[in-house]
Structures are given as structure tokens and as C-alpha cells.
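See structure below.
The values are calculated or read from the model by the stated rules, or taken from the named source; none is laboratory data. From a predicted model like this one, the values you see are computed outputs, not experimental measurements. Every residue, glycine among them, receives a Cβ derived from its backbone with ideal geometry; neighbour counts consider all protein chains shown. These accessible areas exclude ligands, DNA and RNA; they are computed on the full protein's heavy atoms, side chains included. Shrake-Rupley method; radii C 1.70, N 1.55, O 1.52, S 1.80 Å.
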Amino acid sequence: EAITGNDDNQYCQSCYDENFTTCNECNEVISTEEAITGNDDNQYCQSCYDENFTTCNECNEVISTEEAITGNDDNQYCQSCYDDKFTICWECKEELLKDDSNHKKDILGDDKLVCNYCDRHGEVSIYA
């Protein structure tokens, strides 16, 4: 029995299965050439892929939008790259790039990261 593809051509079951798939999100029938594989190994149409996945700004790994973390630079990161790139100022609790932080010792000798503002304005209460 012939099956009509989304290109309006007739296919046998084997050829249909080879040339078409169903979007995992919206169930739209799409050609295998149009299908995009998410990091969950499922097939998606372009619009569903764009809604559900993004690319880490640092390592270019495909991640789900639920897993993505937006840094204070408005870019999307996977957890690992976010942890490598950002930290929280010990004093004011603002998110900052690790490269923009300063290492200071607290009264117990533990290393703490502080932002340039807290460091420059004498607001750091953890100096030894």
C-alpha cells in the first residue's frame, strides 16, 4: 500500500521510513534531511529544535534549553562551562567572570573570590 509523504509523492513503507520521520515534539512528519537530532538522540523539526535546544557559547555542545544557564553576559552555557567561567563575589554575591575576580584570604586563611568593585572600594570584610 502506498503512503503519501509530506512532499505529496507516493512511497512504499520501506522508502517512506527511509525518507521521513516524525518530530519528537510536535509529531509533524518531516523529511529525514530536514530532521535535526537533539542531544537526547530524538529527531526534531527546525522550530521545535530551536525551542528546545541551544548551543553552549563556550564549548559548542548542544544542550537543552532547560539545562542551559544564562551568564551575566547573556550567553547560554552548559553547567560545566558556566562553572569554569563564572563565580559569585564572596562579599556582594553578584555573579562575575572568574577572570574579573580577585583572590583574597579571609581571617581563617581560606581563599575567597571578590569582584573588582568590592576589592577597590574597601568593602571586603574577609581580609586577613
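Quick check on Lys105: is it out of contact with any Cys (no Cβ under 9 Å at 6 or more places or on another chain), modelled with pLDDT of 80 or more and farther than 21 Å from Glu61 by Cβ? I'd like the intermediate steps shown before the answer.
Working: out of contact with any Cys (no Cβ under 9 Å at 6 or more places or on another chain): yes; modelled with pLDDT of 80 or more: no; farther than 21 Å from Glu61 by Cβ: yes.
Criteria not met by Lys105.
Assuming Asp84 fulfils every condition listed in (1) modelled with pLDDT of 85 or more; (2) open to solvent by less than 80 Å² (accessible area, probe 1.4 Å); (3) of a type in the set (D, E, K, R); (4) over 30 Å from Cys26 (Cα atoms) apart from one, which condition is it?
(2)
Residues in the range 24-45 that are under 24 Å from the mean Cα position of the chain (by Cα) and within 23 Å of Asn60 (Cβ to Cβ): how many?
Matching residues across the range 24-45 total 14.
Of all residues in the range 53-76 being touching a residue at least 24 places away in the same chain (Cβ under 8 Å) and closer than 19 Å to Leu97 by Cα, which is surrounded by the most Cβ atoms within 10 Å (Cβ to Cβ)? If you could, list the steps in order and put the result at the bottom.
Step one: of the range 53-76, the residues touching a residue at least 24 places away in the same chain (Cβ under 8 Å) are 56-58, 62-64, 71-73.
Restricting the remaining residues to those that are closer than 19 Å to Leu97 by Cα gives 56-58, 71-73.
Values: Cys56: 20, Asn57: 18, Glu58: 16, Gly71: 17, Asn72: 10, Asp73: 11.
Filtering the range 53-76 for residues that are touching a residue at least 24 places away in the same chain (Cβ under 8 Å) and closer than 19 Å to Leu97 by Cα, the one surrounded by the most Cβ atoms within 10 Å (Cβ to Cβ) comes out as Cys56.
Looking only at helices (runs of 4 or more DSSP H) that lie completely in the range 23-122, which have at least 2 residues being closer than 30 Å to Gly5 by Cβ? Outline the logic, then answer.
Details: elements: 46-52, 79-85, 116-120.
Result: 46-52.
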